[in-house]
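**Student:** Below: one structure in structure tokens.
The values are calculated or read from the model by the stated rules, or taken from the named source; none is laboratory data. Source: prediction; values computed, not measured. Counting neighbours? That spans all protein chains shown, and the Cβs are built from the backbone with ideal geometry, glycine included. Calculation scope for accessible area: heavy atoms of the full protein, side chains included, ligands and nucleic acids excluded. Shrake-Rupley method; radii C 1.70, N 1.55, O 1.52, S 1.80 Å.
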Amino acid sequence: MCAHLLRGFILSVLLVPSVQAKDACLRIAMPEIHVSPENMAQYRRVMADAGLCVEPASLPQIRAVAALRAGKIDGVFAGQDDFPELVDIPVVPGEVILGKLPGLLIVRKGPVTGFDNLTNEVLGVPLGATWPRKLIAGYANIVRVPRGAEMLKEMLREGRIDAMLLDGYSLNWAGGVPDGYNAIPVATITVHSWLRAEFAEHIPKFDQGTRAYLKAVQEEE
């Protein structure tokens, strides 16, 4: 009797951690342009093929930063090079460059040729966008918009803002430069995926899955 109990106890100690390790998933924040059910399922699938379980979640970057600091997520699909400074916790980047995007000032055609030419124009910025942080430091007349590119374009058409800042991908996703406006490059944004530093050992598999996901998305376009 005692021998059977001892054997059962040993087996439970040996087996339970392996089940937990097998079931553990990295919680990854995804930006709004990647949160369709099809994209989320595809992201899970390619990461599983690479040997990594992930659970993607739709979070704008400002919420992803807070969630990462609080330990509620384990990484982000996309963050620029100043991400470690932004989150202020140890994080490691994947080696895959998701892209080098232009940061663009969208302003009505006319005398404005750069950010320094703005005086008191009402400037729309996507809520949670981090790339313009240093650029807009000290500029007072800013409106932060929660629903990204489409809402910014709507506000521009309605005259509620005079100009807006968007990365090139988001601008193209929202239909491009509005008629009567110019897109002026004001920054270059290099984007990687990131994990909390304690998951650094997973970076090779994470990179493999990221490459496969980017390839699948490109093939669909």
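**Student:** If you put +1 on each Lys and Arg Cβ and -1 on each Asp and Glu Cβ, how big is the dipole of the chain around its Cα centre, in Debye rounded to 20?
**Tutor:** For this selection, approximately 400 debye.
**Student:** List every residue whose amide H lies under 5 Å from the amide H of residue 188, counting only residues 5 or more places away in sequence or on a different chain, with H placed 1.01 Å from N in the peptide plane.
**Tutor:** Amide H neighbours of residue 188, under 5 Å, 5+ apart: 103.
**Student:** Quick one: helix 148-157 against the long Cα principal axis of the chain, what's the angle to the nearest 10°, folded into 0 to 90?
**Tutor:** 20
**Student:** What GluC sites (Glu not before Pro) in segment 138-180 are in a loop by DSSP, with at most 14 other Cβ atoms within 10 Å of the Cβ?
**Tutor:** Sites meeting the loop and neighbour criteria: 158.
**Student:** If R0 is 35 Å, what FRET efficiency do you get for residue 220 and residue 121 from their C-beta distance, rounded to 0.05?
**Tutor:** For residue 220 and residue 121, the calculated efficiency is 0.40.
**Student:** Can you pull out the trypsin sites (Lys or Arg not before Pro) in segment 49-140 whose DSSP state is coil and whose Cβ has at most 14 other Cβ atoms within 10 Å?
**Tutor:** Sparse-neighbourhood loop trypsin sites (Lys or Arg not before Pro): 72, 109.
**Student:** Okay, moving on. Skip the ligands, DNA and RNA, and give the accessible area per residue of the chain with a 1.4 Å probe, whole Å².
**Tutor:** 55
**Student:** Compute the angle between helix 37-49 and the longest alpha-carbon principal axis of the chain, please, reported from 0 to 90 degrees and rounded to the nearest 10.
**Tutor:** 50
**Student:** If you don't mind, there's one more thing I want to ask. Pop a pseudo-label 7 angstrom from the Cα along the beta-carbon direction at both residue 63 and residue 182 and give the gap in nm to one decimal.
**Tutor:** Rounded to a tenth, the inter-label distance reads 3.7 nm.
**Student:** State to the nearest 20 debye the size of the charge dipole of segment 136-178 about its Cα centre, where the only charges are +1 on K and R beta carbons and -1 on D and E beta carbons.
**Tutor:** Around 80 debye, computed over segment 136-178.
**Student:** At 0.36 nm per residue, minus the direct Cα-Cα distance, what do residue 88 and residue 141 gain on full extension? Give it in nm, one decimal, please.
**Tutor:** Here the answer is 16.3 nm.
**Student:** Apply the Karplus parameterisation 6.51 cos²θ - 1.76 cosθ + 1.60, with θ equal to phi minus 60°, to every residue of segment 105-119 and state each ³J(HN,Hα) to the nearest whole Hz, in sequence, with x for glycine and proline.
**Tutor:** Taking θ as phi minus 60°, the curve returns 9, 9, 9, 4, 4, x, x, 6, 10, x, 4, 5, 7, 5, 10 Hz for segment 105-119.
**Student:** Express the relative contact order of segment 105-164 as a whole percentage, based on alpha carbon pairs under 8 Å and six or more residues apart in sequence.
**Tutor:** Here the relative contact order equals 46 percent.
**Student:** For the chain, find the longest principal axis of its Cα atoms and tell me its angle to the long axis of helix 203-220, 0 to 90°, nearest 10.
**Tutor:** Computed tilt is about 50 degrees.
**Student:** At a 1.4 Å probe radius, carbon and sulfur cover how many percent of the accessible area of the chain?
**Tutor:** 56
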